[in-house]
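Since the structure comes first, as structure tokens, the remarks are kept for the end.
What follows is calculated from the coordinates using simple rules that are stated; it is not laboratory data. Values in this document were obtained by computation on a predicted structure and should not be read as measured data. Glycine gets a Cβ as well: all are built from the backbone with ideal geometry, and neighbour counts include every protein chain shown.
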Amino acid sequence: MLIKDVVCPFCGCLCDDLDVEVENGRIIRVDNACTLGSKTMVGDDRLKAPIRRDGKGWIETTYDAAIEEAAQILLDADRPLLYGWSRTHGEAQGIGVHLAELIGGVVDNTSTVCHGPSILAIQEVGHPGCTLGQVKNRADLIIYWGCNPIDAHPRHMSRYTTYATGFFVKDAHRDRKVIVVDTRRNESADVATEFVQVEPGGDYAVLSALRAIVRGRGDVVPPSVSGVSREQLVRVAEMCKNAKFGAIFFGLGLTMTAGKNKNVRNAIELTDELNRHTKFIISPMRGHGNVYGTNEVFTWITGYPYAVDFSRGIAFYNPGETTAIDILRRGECDACLVVASDPAAHFPKPCVEHLARIPVVQIDPHPNATTHICRLQIPGSVAGIDAAGTAYRMDGVPIRLKAIIETGVPNDTEILQRLYNRVREAKGE
Amino acid sequence: MRVILEAKVRKKPFLPIEAESIIPRNFLKGTDLAVYEGNKERKLVDLFRISVEGTAVTPEKIEVVLKGDTSRVKRIGEYMDAGKITISGDVGMHCGNFMSGGDIEILGNADAWLGREMRGGYILCHGNAGHYCASGYRGEKTGMQGGRVEVLGNAGDYCAEYLTGGEVHIHGSCGDMAGVEMKGGQFIIDGDATRPCGNMKDGTCMIFGTVRQMLPTFERIGTKKLPDRKVTVTVYKGDVANRGKGIMMVKGTGRSDE
């Protein structure tokens with residue numbers, strides 16, 4: 001059976017034009033997707049049932065027993081951390097936030113290690129953004145700053161920018177100019193009109209210099225800024241000012257290098273400055289399929305997009321203090337629930353060492369690096385494959401993920417709702 | 001009156017304690033105060049051995065002395081308005097938040113957000129201070145507005161971010177982006193600084209050590225002799241990217257490429 005217009009749940013692009021062929025409850029072929037998307041859909045290797053450690057090794061257990069044990073671990077904790085959320089649907093994320101409030105825990109999502117600093121910058125100076133549809137139909141200048149879409153978001157260029165024909169951009173490949181800014185020449189730079197190579201850690205200075213040039217104070221800028229010549233900066237500033245509609249897309253090259261949120265803030269303020277001359281927007285290249293959704297869900301429930309601490313009963317937010325990395329590095333938390341993420345594979349070593357010392361429960365369909373340090377793993381279904389739900393694209397557009405096969409595995413919403421109900425019952429509420 | 005609080009040894013020593021109730025004024029009514037340990041509310045006496053010497057009728061006459069391991073005790077001196085707090089060891093985050101009067105003396109190191117959004121009073125830290133010393137809160141456009149913060153050691157990144165009023169004096173060096181978004185006040189760094197005063201709008205920053213990665217958007221406007229320091233400094237105005245009118249003084253001749 002061929003299913004058309006399937007949404008790929010892998011990255012923040014949430015491409016919604018996949019053709020998927022299903023046979024006997026298995027996905028056998030995926031068309032239109034990139035390699036990352038195809039691999040997500042086909043050859044999905046799942047855990048069959050909940051597993052727990054019994055001292056010597058792993059034993060299979062039932063969902064009921066696993067949820068009971070998870071509830072006890074969370075109830076016993078003085079500072080539980082609930083981390084992950086970005087690969088599941090919004091409905092499950094909502095229950096996760098309510099669970100954190102119920103047990104007085106800290107709830108954090110993967111933005112903490114990707115675009116968290118972008119959100120801090122947006123909270124300082126706002127976000128001049130738009131949807132990807134606007135970019136596709138109008139933008140004649142694209143800047144990719146500190147990101148490599150060809151590797152990380154392979155269909156971004158063909159669906160929205162360089163190779164996408166838009167309503168006002170008929171001959172995209174000729175009409176659109178592309179500027180790539182990075183510390184090294186990446187694959188995306190090969191298709192760029194202009195490549196700006198910045199010394200590592202030099203983005204802030206280059207952005208400051210561009211702001212000064214755009215507002216006519218190029219005279220103070222020295223001949224070379226972080227490895228970029230003044231001539232090139234002036235040329236880039238002119239290209240920006242002469243564009244009809246410019247769009248800056250930025251990645252972890254800005255958010256996770258020295259300066260972090262201040263780099264992003266500077267980029268937003270450059271966008272602001274350019275809007276005195278023409279139309280310009282800026283947007284983050286979000287990683288996980290539904291990471292934008294976690295920010296939306298967290299914000300509409302708690303007022304804050306990530307790193308929310310409920311230990312005093314009310315929501316407190318202070319990245320650097322209530323973020324998962326900082327809590328783990330300081331050894332603060334005494335239990336952890338990981339949902340739809342793999343911190344053991346991505347977090348710094350001292351954080352993973354602390355995770356290995358405390359009881360960790362993981363709700364994830366796949367055996368992964370975190371499996372090696374957790375006490376209990378409960379597999380749920382995968383949003384976009386055998387579970388339906390809402391996800392948010394990187395530009396904030398909600399898209400419904402379809403369940404394209406039936407596996408009988410409970411989805412994350414059901415598992416978390418049962419866990420929530422059990423904890424609530426034990427607390428006598 | 002002296003209130004001595006000695007931290008008891010805890011089973012989970014890394015669990016943070018939030019103790020905004022530890023300000024001199026609160027001890028006028030006794031020592032029955034609440035603090036939070038993780039997600040549990042505790043009595044002050046559960047976590048500290050308390051001894052009180054003498055009596056007082058005004059908070060100005062009260063000194064609170066903290067002993068033992070207080071490195072995970074957050075928010076000590078939050079909203080403090082009078083009296084004195086002495087911490088004999090290290091102190092946790094947010095010490096002296098929103099403080100408007102009185103003195104805090106820390107004999108060890110201070111964790112992040114020391115004197116955050118401070119309005120008055122004096123904080124002296126004998127050791128090092130963490131990140132965001134004397135700064136603002138996330139998304140807040142006004143940082144420290146008054147008072148004085150003095151750190152005898154080094155400070156971490158984003159020291160004096162959004163400084164709006166008052167004085168910050170770091171005797172050692174600062175980390176990355178000291179004085180970023182400064183809007184007023186006076187900021188003195190005796191040691192080194194990296195990328196200081198980005199996006200500065202107003203205020204004065206003096207750096208007597210080495211400036212690393214000087215930002216390209218500061219306009220050199222001359223030199224000045226500082227007789228009390230016996231040095232000549234190069235004076236910059238900026239941040240030009242931000243139409244800023246801030247003044248940054250750097251010891252020596254400044255940027256090497258000029």
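Using C-alpha pairs under 8 Å with a sequence gap of at least 6, the mean separation divided by the residue count of chain B gives a relative contact order of 10 percent. The order of B:Asp103, B:Asp32, A:Asp17, B:Asp111, going from fewest to most other C-beta atoms within 10 Å of their C-beta, is B:Asp32, A:Asp17, B:Asp103, B:Asp111. Give, as a single signed number, the net charge of other residues whose beta carbon lies under 13 Å from the beta carbon of A:Ala383, with Lys and Arg counted +1 and Asp and Glu -1. Here the charged neighbours net out to -3. Both the radius of gyration and Dmax for segment B:109-251 are 13.5, 40 Å, in that order, over alpha-carbon atoms. Mean-square fluctuations from a GNM of chain A, with a 10 angstrom spring cutoff on Cα atoms, peak among A:Ala209, A:Ala65, A:Ala139 at A:Ala65.
Converting the Cα gyration tensor eigenvalues of segment A:12-51 into ellipsoid dimensions via √(5λ) gives semi-axes, longest first, of 21, 14, 8 Å. Here is the list for segment A:128-172: trypsin sites (Lys or Arg not before Pro) lying in DSSP coil, each with at most 16 other C-beta atoms within 10 angstrom of its C-beta, are A:Lys170.
Panel note: the C-alpha atoms of segment A:116-284, placed on their principal axes, show extents of 40, 31, 30 Å (largest first). Taking the DSSP beta bridges with both ends in the protein assembly as shown, the antiparallel portion is around 35 percent. Here A:Phe298, A:Phe10, A:Phe195, A:Phe167 are placed in order of increasing Cβ neighbour count within 10 Å, fewest first, which gives A:Phe167, A:Phe195, A:Phe10, A:Phe298. Put simply, chain B fits an ellipsoid with semi-axes of 38, 17, 15 Å; these come from the alpha carbon gyration tensor as the roots of five times its eigenvalues, largest first. Within 10 Å of the Cβ of each residue in B:232-242, the mean number of Cβ atoms contributed by other protein chains is 4. Within the shell defined by Cβ-Cβ distances under 13 Å, the residues around A:Asp5 carry a net charge of -1, with Lys and Arg each +1 and Asp and Glu each -1. Ranked by the mean number of other Cβ atoms within 10 Å of their residues, highest first, the peptides A:377-383, B:67-73 come out as A:377-383, B:67-73. A cut-off under 15 angstrom between Cβ atoms defines the neighbours of A:Asp54, and their net charge, with Lys, Arg +1 and Asp, Glu -1, is +2.
With contacts taken as Cα pairs under 8 Å and at least 6 residues apart, chain A reaches a relative contact order of 24 percent. Put simply, when A:324-336, B:211-223 are sorted by average Cβ atoms within 10 angstrom per residue, most first, you get A:324-336, B:211-223.
Could you tell me whether the protein assembly as shown comes out rounded, prolate or oblate from its Cα gyration tensor? Rule is a ≥ b ≥ c as square roots of the eigenvalues, rounded for a/c under 1.5, then prolate if a/b exceeds b/c, otherwise oblate. Oblate, since a/c reaches 1.5 and b/c is not below a/b.
Computed over segment A:332-412, the quotient of the alpha carbon radius of gyration and 2.2 N^0.38 Å is 1.27.
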